[in-house]
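Asks: Have a look at the structure that comes next, please.
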Amino acid sequence: MRLDTIETGSKARVIRINRGARAEQQLMEMGIVPGVEVEMLAKHLLRGPIIIKLGNMRIALGRKLAGSIEVE
């Protein structure tokens, strides 16, 4: 499943990133790498970013980028 599809309050483990090297590098710099656990804090029903928690950080991601992150 993709990160943008999990419910608010749910936790998931990152499996892989299905985008180009540039997006992968950007996510890596934020700490979003395969194996880490993230929690969905908020997402708007229509458009706009999603907010995830990674450790003690809150990170806003665009829907398209979040949709490229495969989680379990």
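Asks: Can you pull out every residue in the stretch 1-28 that is of a type in the set (D, E, K, R) and more than 16 Å from residue 68 (Cα to Cα)?
Replies: Correct list: 7, 11.
Asks: Pairs only if they're at least six apart or on different chains, beta carbon under 7 angstrom, first in the stretch 21-37 and at negative phi and modelled with pLDDT under 95, second among the charged types (D, E, K, R) and in a helix (DSSP H, G or I); list them, first residue then second.
Replies: Within 7 Å, no pair qualifies.
Asks: Sticking with this one: What tally of residues in the stretch 37-61 results from selecting those that are part of a loop (DSSP other than H, G, I, E, B) and either under 15 Å from residue 1 (Cα atoms) or under 9 Å from the mean Cα position of the chain (by Cα) (or both)?
Replies: Taking the stretch 37-61 as the starting set, the residues that turn out to be part of a loop (DSSP other than H, G, I, E, B) are 44-49, 55-56.
The next check asks that each one be either under 15 Å from residue 1 (Cα atoms) or under 9 Å from the mean Cα position of the chain (by Cα) (or both); those that pass are none.
So the answer is 0.
Asks: Taking the criterion of being in contact with a helix residue (DSSP H, G or I) (Cβ under 9 Å, 6 or more places away or on another chain), part of a strand (DSSP E or B) and not β-branched (Val, Ile, Thr), would at least one residue in the stretch 24-32 satisfy it?
Replies: No: zero hits.
The values are calculated or read from the model by the stated rules, or taken from the named source; none is laboratory data. The model shown is predicted, which means the values in this text are computed figures rather than measured ones. A quick note on method: Cβ atoms are made from the backbone with ideal geometry, for glycine too, and the neighbour counts reach across all protein chains shown.
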